[in-house]
Amino acid sequence: GPADRRLRWCVAAMTALMTLPLLAATLTGSLVLLSGALLVAGTATAPTMVTNMTLVQQRTPEGRLNEGMTLAVTGLLGGIGCGSAAGGWAVEHLSPTAAYGVPVTAAAVALLISLVRRTG
């Protein structure tokens, strides 16, 4: 389907799947289950990134695609840096298990943004 609609589904899937590592760490403490949950949670990453880049490509004015992609990747890398810092802070000040809430929160915020933003 259209990338606009697909983005919402991808971010919703990412939000749901990111809860699996948090649940595995909280409820079981098993490294084997946690590893499996992390693997499954990561499966929503590629479709979401591809959909985002498709939207950037569709919405960037002709002749400015390089700039649009550069800004999108810069935002992505900045988000990774901020998420890593927030996760590290959570590990040190809360607990390693609680730190799995950081990506869940980030995905939930992204989902809310994708649901309330203007289309078109």
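The values are calculated or read from the model by the stated rules, or taken from the named source; none is laboratory data. The structure displayed is predicted, hence computed values, not measured ones. As a convention, Cβ positions derive from the backbone with ideal geometry for all residues, glycine included, and neighbour counts pool all protein chains shown. The accessibility values were calculated without ligands, DNA or RNA, using every heavy atom of the protein model including side chains. Shrake-Rupley method; radii C 1.70, N 1.55, O 1.52, S 1.80 Å.
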Open item on the list: Only Cα pairs within less than 10 Å get springs; with that Gaussian network setup on the chain, which residue of 47, 103, 61 has the largest fluctuation?
Closed with: 61
Open item on the list: Starting from 0.36 nm per residue, how many nanometres of slack lie between residue 85 and residue 6 once their C-alpha separation is accounted for?
Closed with: 25.5 nm
- [ ] State the Cα centre-to-centre distance between the stretch 38-115 and the stretch 2-16 in whole Å.
- [x] 13
Open item on the list: Taking all protein chains in place and a 1.4 Å probe, what share, in percent, of the accessible surface of the stretch 13-120 do carbon and sulfur account for?
Closed with: 71
Task: Karplus (6.51, -1.76, 1.60) ³J(HN,Hα), θ = phi - 60°, over the stretch 84-92, in Hz, Gly and Pro reported as x - done: 5, 5, 5, x, x, 4, 5, 4, 6
Task: DSSP-loop GluC sites (Glu not before Pro) across the stretch 28-92, with at most 13 other Cβ within 10 angstrom - done: 62
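Any idea of the accessible area per residue across the chain, 1.4 Å probe, to the nearest Å²?
Value for the chain: 64 Å² per residue.
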Task: Most mobile listed residue (78, 63, 29) in the chain, GNM with C-alpha springs under 10 Å - done: 63
Open item on the list: If you take Cα extents along the principal axes in Å from the coordinates, which of (1) 50, 29, 25; (2) 42, 36, 25; (3) 48, 40, 25 do you get?
Closed with: (1)
Task: Degrees between helix 3-27 axis and first principal axis of the chain (Cα, 0 to 90, nearest 10) - done: 10
TODO: Specify the longest stretch of the chain that does not include any exposed loop site, a site being one of the trypsin sites (Lys or Arg not before Pro) with a non-H, G, I, E, B DSSP assignment and at most 12 other Cβ atoms within 10 Å.
DONE: 1-63
TODO: Run the numbers on the chain and let me know its relative contact order in percent, using alpha-carbon pairs under 8 Å that are six or more apart.
DONE: 36
